[in-house]
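First the structure, in the form of structure tokens, and then the observations on it.
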């Protein structure tokens, strides 16, 4: 073994017997301790000794369903769970109740238990990192990303690895979430983040945490403008933190589009100059609103999913937008472009799940829609890989008939404002089409029903 591995040999995992016993004893003496914020943040795995894990797991299960918690009911719960003998039985519970220095200090005891758990998790992460590095089965960049992910998981207070029983998920997560949703503020937080397009929100329910949302379109359809409109609404109206990764356009170009949208100033005039006094006033007013938002733009070209993930971990936004998939730098492990894209979409979905945020990614479509009479895009038109459809929770196709009508010489019959967002895949509901209106002067999309109300 290397000198690094030898450092782990014989290492005793740190834990505090007294603090673990004091937390459990305090809850036995006063079940209302379970409502203490620091106690309620504990999970069974935070306790080092198996009997303590079993006892706290039973307590948490009873509290989750509002079952009366006392010495007798806890014993019965442990018998029901088959943990009575492992938990030490009646004698050990009696001992726990007698060992508590002060029920009032239960929060401090809980903090100490959590502190030791995080140190043990850090040790385990170090062991796994050393093992991976010794095996050298992956490039250094992947090993660094894996090590960073382990540390991130610890910071988030999540289980680094391992199987979790359905019983623990129901008792410690699902029931807790359902009960919390009785609170109106919590319900609002659990809902998807509004896109600012009412017809789209009605179909997909907004942008939900851990979802990978793909927006496909042919060049010229306005997919960058669409997600920029969404990002602007989320930053301005929803007052959420937004990360926008632009692999094609510069941050100055994106800022101009945002100003054009808010100030109702033709984006072409902003590019060419010669703005009049009224336009400058509107731009100034729009700027004063936009500078107060938490919208962050990254224009790094040829970046990778791993680099995007690292930046998101540090900045912790509520939602991330990426423009666009085919410009993301592959890791180089896959042999061909199809496999590279498959690997990237898989990594993007994993990223959305790990960071627990919605990730919205634009994607180019193949040229096949242009060959068909209707030109309406389909899932099979997603460029480079069928895995895009497989990995995404939601796939939407942006389509503007006017684009093809002009090309075919039907300008007289064309409606330049007609647009549709076709929800071709929706893991959470039906696949429908949202009717939109497009104003190219201000690079602006609005829901058709909203435009009719204006």
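The values are calculated or read from the model by the stated rules, or taken from the named source; none is laboratory data. Not measured: the values here are computed from a predicted model. Every residue, glycine as well, gets a Cβ built from its backbone with ideal geometry; the counts of neighbours run over all protein chains shown.
Can we say residue 257 is under 26 Å from residue 302 (Cα atoms), crowded, with 19+ Cβ neighbours inside 10 Å and either in the same structural domain as residue 304 (by TED's automatic domain parsing) or out of contact with any strand residue (DSSP E or B) (no Cβ under 9 Å at 6 or more places or on another chain) (or both)?
The answer is yes for residue 257.
Would you pick out the residues in region 1-41 that are touching a helix residue (DSSP H, G or I) at 6+ places or on another chain (Cβ under 6 Å), part of a helix (DSSP H, G or I), at pLDDT 90 or above and more than 17 Å from residue 74 (Cβ to Cβ)?
19
Which residue is farthest from residue 364 (Cα to Cα), if the candidates are limited to region 221-242 and must be in contact with a helix residue (DSSP H, G or I) (Cβ under 6 Å, 6 or more places away or on another chain) and not in a helix (DSSP H, G or I)?
In this case the residue turns out to be 240.
Mind checking whether some residue in region 173-183 is part of a helix (DSSP H, G or I), outside the structural domain of residue 389 (by TED's automatic domain parsing), at pLDDT 70 or above and crowded, with 16+ Cβ neighbours inside 10 Å?
yes
How many residues are modelled with pLDDT of 90 or more and farther than 19 Å from residue 261 by Cβ when one looks only at region 217-242?
1
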